[in-house]
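Computed from the coordinates by the stated procedures, all read-outs in this text should not be read as laboratory data. What you see is a predicted model, and the numbers here were worked out from it, not measured in a lab. Neighbour counts run over all protein chains shown; Cβ positions are idealised from the backbone, glycine included.
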Amino acid sequence: MGSVSTTYSVKDDSTLMKTASDLAITSRPATLEDAHFVWIVNNHPTVRSQSLRTGDIPWGTHIEWYRTQLGRSDCGFRIGLERNDRVGVARFDVADGHATISIAISPEHRGRGVGRRLIQLVTVEALARPDVRMAIAYTRPANHASRRAFLHGQYRLAGQSDLAGVTMMRFERTKDDPQ
Ligand SMILES: CC(C)(COP(=O)(O)OP(=O)(O)OC[C@H]1O[C@@H](n2cnc3c(N)ncnc32)[C@H](O)[C@@H]1OP(=O)(O)O)[C@@H](O)C(=O)NCCC(=O)NCCS
């Protein structure tokens, strides 16, 4: 295996931040043991505010929904890891040849390239499925971090969509786009 060079950028006077390409981010399938972690991440106010349904999610609602998602063959549910630490959640729902991807990073791990890396991992996994020809993501227009993260992941802006009365920006990436 080749060696990985490590470069650093100065974030402020006291902090050295590794560049995104050096992050040791992997993902694994979500399990029932991740139910509480997923709830905490998805229920954070900054995640709710960027979602279609912005309300708080009660635990009972979450655990019922989560069990259902884990049992679905048309749903990919992944936990993002930095070494052994859980740092985020990624999910895709498959319908009509499209995998609709959503992602949320734990607040303390944002702004370091984790989102970009996890989008890359989950997109490659979704597009590898024979029943998927396009990956899609929706973000609110003011969600600059999300927009930039998907553009960085070789998605292209494909216009706006009205989802349940909410205007969302639609991003697309197909199997033929560069990996
Ligand atoms: C959106 C989200 C997934 C991005 O993950 P992240 O790890 O914070 O983002 P990254 O560090 O990988 O950075 C991604 C891009 O956003 C930019 N960015 C990061 N934080 C930002 C901020 N607060 N404001 C504007 N841009 C920001 C980065 O510079 C980077 O852009 P670049 O590739 O052009 O340099 C994460 O912020 C999050 O979980 N937000 C809440 C949930 C959400 O909005 N999900 C998206 C809807 S599917």
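Please work out the FRET efficiency for the pair residue 43 and residue 124, using the Cβ-Cβ distance as r and a Förster radius of 30 Å; give the result to the nearest 0.05. Each step should come with its number before you reach the end.
On the way: r = 28 Å, r/R0 = 0.92.
It comes to 0.60.
May I ask you to order 37-45, 121-129 by the average number of other C-beta atoms within 10 Å around their residues, highest value first?
121-129, 37-45
Restricting to DSSP loop positions (anything but H, G, I, E, B) with no more than 14 other Cβ atoms inside 10 Å of their own Cβ, which trypsin sites (Lys or Arg not before Pro) remain in the stretch 30-130? Before the final figure, lay out each step's value.
Numbers: sites: 48, 53, 67, 72, 78, 83, 86, 91, 110, 112, 116, 117; in loops: 53, 72, 83, 110, 112.
Here the sparse-neighbourhood loop sites are 53, 72, 83.
Using the basic label-point model (7 angstrom from Cα toward the beta carbon), what is the residue 133 to residue 160 distance in nanometres?
About 2.8 nm separates the two model spin labels.
Rounded, prolate or oblate for the stretch 73-179? Axes are the square roots of the Cα gyration tensor eigenvalues, ordered a ≥ b ≥ c, and the cut-off for rounded is a/c under 1.5.
Numbers: a/c = 1.58, a/b = 1.15, b/c = 1.37.
Oblate.
According to the Kirkwood expression over distinct Cα-Cα pairs, how big is the hydrodynamic radius of the chain, in Å? Could you put the intermediate results ahead of the total?
On the way: mean 1/r = 0.0584 Å⁻¹.
Radius from the Kirkwood sum: 17.1 Å.
In whole Hz, what ³J(HN,Hα) sequence does the stretch 109-119 give by Karplus (6.51, -1.76, 1.60; θ = phi - 60°), x for Gly and Pro?
10, 7, x, 10, x, 5, x, 4, 5, 5, 4
Note down the net charge around residue 84, summing +1 for each Lys or Arg and -1 for each Asp or Glu among other residues with Cβ under 15 Å from its Cβ.
Working: positive: 28, 83, 86; negative: 33, 34, 82, 85.
Local net charge: -1.
How far apart, in nm, are the 7 Å Cα→Cβ label points at residue 56 and residue 177?
Label at residue 56, label at residue 177, 3.7 nm between them.
Rank the residues 26, 167 as a footprinting-exposure proxy: fewest other Cβ atoms within 10 Å of their Cβ go first.
On the way: 26 15, 167 11.
In order of increasing Cβ crowding within 10 Å: 167, 26.
Please give the length that would be gained between residue 70 and residue 167 if that part of the chain were fully extended, namely 0.36 nm times their separation in residues minus their C-alpha to C-alpha distance (nm, one decimal). If you can, show how the numbers build up before the last one.
On the way: separation 97, 0.36 × 97 = 34.92 nm, distance 2.87 nm.
Length gained, residue 70 through residue 167: 32.0 nm.
For the stretch 45-143, what's the relative contact order in percent, using C-alpha pairs closer than 8 Å and at least 6 residues apart?
Relative contact order of the stretch 45-143: 23 percent.
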